[in-house]
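See structure below.
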């Protein structure tokens, strides 16, 4: 599925190596102020090439507004946002001949009988740039009204926070910053000591050509008790549905922490494209050894934090609009 | 609404003077051959500037495929098609100060409190370029299987065909061609004599700064009796819903003509943007006289024929996919 | 389709001779006062056996509230309404062996390969009792807020009103009453003289074993200009979609009459089940003569007036809830 | 949300103490054999009063078919199934004055401003009877075609199976049977020793007036590799969405076990209505002690097994119908 929502509906499109990825947002109320800079800020949090704990693929991910916003105001019409694909190097991709274990290469071929001839096609994490662009509008819509959304890296591999607090986004960005040599790395884990250990773990995995999974926490904080109560079931259905559609997510758990806030834990699998040699088979079923040479993240979790926040925001804004229709 | 369909879902976006208009098509089966030329052919039937009976706005309406099709094969993923807006001259548009009677200028302002600052915004007929692009894929999908769709101009103002036959698209294009001076004009009315009278009527209206409405007929011909019977109610609901969403359509009537074909009649209103002076009021309610100088069609019917065909094809393909799910 | 609406969603069920017909209404706001008597009043306007211009099938059409309303207050949960089928006489139905021309008997068999073994099955006008029950809640919801809905019989066969006014429901019920012999008949045509002629025409058709079609007008009157403007396109899409799903409706036309009101005209075909002998063929394709002896209306239009009103109300309330979500 | 599915759509209704609970199923293909006994068999697996490890509320849960099935064949029309509520004793319910911690009493009041005056209202587990009735049709539809669904109790409180196998439904029912005194109890945990320990744990909780949570496993086994691969993401979105809507479910995890089967783990919370005294507050915020005397399950897991199976079947059948539309 590429569409989320009932009243606020987001439809995404795009393969990793097509002309662009993007989305259409329907049902966004008119007369609401949205600047291109606001959308860009969230895309930049997600973009690749941020540091040596992310992929070295360098894509600027510049958003273009094609419709629905004029003079920084929403028009009430469908909003089309696009991000051009610029840094494509199909030559990197050996898996045209050998499907990657754990990735969608084999799956797609079986399901549809065709395959995108480079990258992970539709299943590429690149598709999430469109989700972040769309969700950034929803974050803006909801942030000063009824609810706040903050996500952070809770665990990478076996290194984990020991407590769960209602962090602010500022704390996540600040406490997750670690300096190694000349480089400032951002794990988005809001505890300096844990963040440092996570960094070392990721850099080690990177040097070994391996990848790591982990857990992202997402805290929804409400100021309206009616909407908070309304969301109790919706978190398990609509929000869960949105979050579990993120590629790499493999599990979902709700911790209802306390009065007026709900905490969600999302398990991410390790990236499938690794340099370490894997024994697998090619399209003809012959046993082959696969060593991937593409530029990929040793751990997606730091970059996945804004994806989780924006997907949660899409689901929340949709629920909020439905909720409004039920109130006098 | 900017979304049509249940299994085959088309979502359009675009204002007349934004960066582009376009669409996302979801649910289109994979492995189906679609060339850019095929889409372009239908866009070219709709494009402005074809002749002196259409607007002189000259837009080439070149389609770009951004996702979902690779090597001329559908991938089973969302298909994004875009058409850049090139020939925009916002200066033409006096109705920034005086809303046009019968157009969406006043409506939009009242509904949403904001307005696109040029052209008809979302309500512009330009949005239908995205529908034609999407529907051209559906026409291709259905044409060799269970059903054919052909539309033609049945009536312009008071000049009308006297009979209703199952015309072919070739007959519509050929018999609708009329020569005036150096120019070949295409009314898409499949009778040379009527077509000639229609041409004269449109050229007269054009010279007087006026515009004309009329009726387009659309014939659906089936080769499968089960699907034909299934469509009987669907024509009145899903197909009607799709066709009545075309800007300018004001009425819908079903003539079930005979065994295995259904004929639909669609009434179109005259274009609202005319050179003739109209007494109306400005945004402040002051009585004003409005003479529009934009480049607009004296009669939309010839260009609306491919719009009707492609919108019908979207609804039909969606119904066909649902129908397949009900069969063993 | 058996579901209407996006936020206010009505799903109907029921064949003419099953245990019951009914509906589930989702998305109806909580805390709203609804009495069983209110629903019953609208069902009684639609019920058969009202007079000699309707069918003599006598069904009391008593509504039962199975969920969603307690102590005359809506709970915010799905509302299930049911109407038991009591007066079923399957023996009446000769068309088990010969499908009726113009009815759904043959259509259903072709589409689905099965057939309900009595009555018109799902296509029976009886299904509309569920729509009236559901729509009566919507009429209540909207009537004191933003819009009023009034329908009336505009034309039966060739006898027609000469003007279109914004009638009240009271005028429709009062001016449409005609007395013949001992019986008061209600045509729901709001002009006594025309009403009397319509009555005579229907009684004649009845005595001859024939049936008559006609036109119902439906006037939507708004008090909020923003919602009125918002509805302009919705009338052509969502309201049209709802109204054209009524069995027997064959055409739809919008007359936007004046400031703040929209008038719709709906063409109804004559009832297919008639006593007059029709030449047709049986299930095996053999030429047969069919004379239907079931108890059916010589003209559905008087009883269809509340169906049109309530279906329009379902579509309007859904649009109103969506509209609310777009406002600050 | 009370509606599941895109092509196969199930809408449920019903509060615990209204006239009935039930559902409407749309999009079920025609001509498919379904007996009332088949539906009843699944309802009987879920019904209360089965043994001393379930609630002593004794409801026979007899299904009535109101539409859509005739002579044991589906008609292709909406299928309405109903289960009358018979054994209602509103007097049991002290929580009219004190909302139960962990149940929906307080939530509903805050969300909607109204409350059902007995039982858990819409949030009662009773609503799941309608889901089981609907899903039993889907189980029948899919079982001999592309996929099988089997669920079992994997863990109650701290007693758990140590391995996960592809059990058959017969094994679940047989190995889960335990005899205590005169009574045969069914835990639906497919290992006799673990089952016995679970029984003792539940009986102890019951005697103490307490309740227990746990984990249900659900294994989907496919015979078509294309559909298996197609379902990979759908399990994380559509199936997850369906399963997480079950009241009491609090977490969802996917274990993709091996070639052609997917195992899901669902965490259930303990029942909120317990005899043990809980310190809480009443509707006015006054601290109160609550001891519930209603007849409720000490552990819902054994009865939830058929709910999980049937909800998974609804999601799977819907996905299967969509999948069919994508194939040539």
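Quick notes on this structure:
- Residue C:192 being within 14 Å of chain B (Cβ to nearest Cβ) and in contact with a helix residue (DSSP H, G or I) (Cβ under 8 Å, 6 or more places away or on another chain): no
- Enumeration of residues in segment D:26-38 that are more than 9 Å from every other protein chain (Cβ to nearest Cβ) and not in a loop (DSSP other than H, G, I, E, B): D:33, D:36, D:37, D:38
- Candidate set from segment B:223-237 (those that are surrounded by fewer than 18 Cβ atoms within 10 Å (Cβ to Cβ) and within 7 Å of chain C (Cβ to nearest Cβ)); member that is modelled with the highest pLDDT: B:225
- The residues on offer are C:194, C:246, and the sole one that is closer than 22 Å to residue C:143 by Cβ and either free of Cβ contacts under 8 Å to residues at least 40 places away in the same chain or not in a strand (DSSP E or B) (or both) is C:246.
- Being over 11 Å from residue D:130 (Cα atoms) and either without any contact (Cβ under 8 Å) to a residue 12 or more places away in the chain or more than 12 Å from chain C (Cβ to nearest Cβ) (or both) is a property that residue D:69 lacks.
- Hits in segment C:8-25 - residues which are at the interface with chain D (Cβ under 7 Å from one of its Cβ atoms), surrounded by 20 or more Cβ atoms within 10 Å (Cβ to Cβ) and assigned to a loop (DSSP other than H, G, I, E, B): C:14, C:15, C:18
- Some residue of segment D:266-284 being away from chain B (no Cβ under 14 Å), touching a strand residue (DSSP E or B) at 6+ places or on another chain (Cβ under 9 Å) and under 28 Å from residue A:102 (Cβ atoms): yes
- Residue within segment B:216-225 that is more than 24 Å from residue B:311 (Cβ to Cβ) and touching a helix residue (DSSP H, G or I) at 6+ places or on another chain (Cβ under 8 Å) present: yes
- Residue B:220 being part of a helix (DSSP H, G or I), away from chain C (no Cβ under 12 Å) and either at pLDDT 90 or above or more than 24 Å from the chain's Cα centre (by Cα) (or both): no
- Failed item in (1) facing another protein chain (nearest Cβ under 7 Å); (2) within 30 Å of residue C:318 (Cα to Cα), with residue B:5 passing the rest: (1)
- Taken over segment D:201-217, residues that are in contact (Cβ under 8 Å) with a residue 12 or more places away in the chain and outside any loop (DSSP other than H, G, I, E, B) amount to 10.
- Filter result for the condition that a residue is over 23 Å from the mean Cα position of the chain (by Cα), touching a residue at least 40 places away in the same chain (Cβ under 8 Å) and under 24 Å from residue A:125 (Cβ atoms), over A:280, A:273, A:310: A:280
- The lone criterion from (1) over 20 Å from residue A:127 (Cβ atoms); (2) at pLDDT 90 or above left unmet by residue A:302 is number (1).
- Selection within segment D:238-251 - farther than 12 Å from residue D:312 by Cα and modelled with pLDDT of 85 or more: D:248, D:249
The values are calculated or read from the model by the stated rules, or taken from the named source; none is laboratory data. From a predicted model like this one, the values you see are computed outputs, not experimental measurements. Neighbour counts are summed over all protein chains in view; Cβ atoms, including those assigned to glycine, are modelled from backbone coordinates with ideal geometry.
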